[in-house]
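Bear in mind that the values in this text are calculations on the coordinates, not laboratory data. Quick caveat, the model's predicted, so the values are computed rather than measured. Using ideal geometry, Cβ is built from the backbone for each residue, glycine included, and neighbour counts are taken over all protein chains shown.
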Amino acid sequence: MKGVVLKIRITTPRKPNSARRPVAKIILSNRKQRVVHIPGKGHNLRKHSEVLISGVGARDLPGVHFSCIRGVYDFSPVFGKIRRRSIYGVKRPDSLKKKLRRKFRIF
């Protein structure tokens, strides 16, 4: 569902883990407010940025049951990703693209 960022903050995970995880408070298009996880390294989210969220949260963050989808609306993809690109909104680089066989090429 589509939403708009109200506030961005850092939270810490539950007991056995230790980190600083970015989360955002979002107001959805149906006027409900949710706390969502911001995946990947770095982000460009600010107040009033538009994001798309999915129901996959961070398991060790209490109360966070949703996650932002990268590469959609105002949320930029992670640059320089080679593996697991679909999660971080990165297109396939030219160096990894498959070569078409001569029979199937379009001129």
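Take the residue pairs K15/K47; K41/K91; K2/K99; K7/K41; K25/K81 and return only those whose Cα atoms are more than 28 Å apart.
Over 28 Å apart, Cα to Cα: K15/K47; K2/K99.
Work from the charge dipole of the chain (Cβ charges, +1 for Lys and Arg, -1 for Asp and Glu, about the Cα centre) and give the residue of P22, V90, P62 farthest towards its positive end.
V90
In the range 29-73, what trypsin sites (Lys or Arg not before Pro) fall in a loop by DSSP, with at most 15 other Cβ atoms inside 10 Å?
Answer by residue number: R31, K32, K41, R46, K47, R59.
Over the chain, what is the percentage of antiparallel beta bridges among all DSSP beta bridges, to the nearest 5?
So the antiparallel bridges amount to about 90 percent of the total.
Counting only other residues whose beta carbon sits under 14 Å from that of K15, what net charge do I get with K and R as +1, D and E as -1?
Net charge around K15: +1.
Please report the Cα spread of the range 2-104 along all three principal axes, rounded to whole Å, starting with the longest.
On the principal axes, the range 2-104 reaches 54, 35, 21 Å in Cα extent.
Collect residues whose amide H, placed 1.01 Å from N in the peptide plane, falls under 5 Å from the amide H of S76; neighbours closer than 5 in sequence don't count.
Long-range HN contacts for S76: N44, G71.
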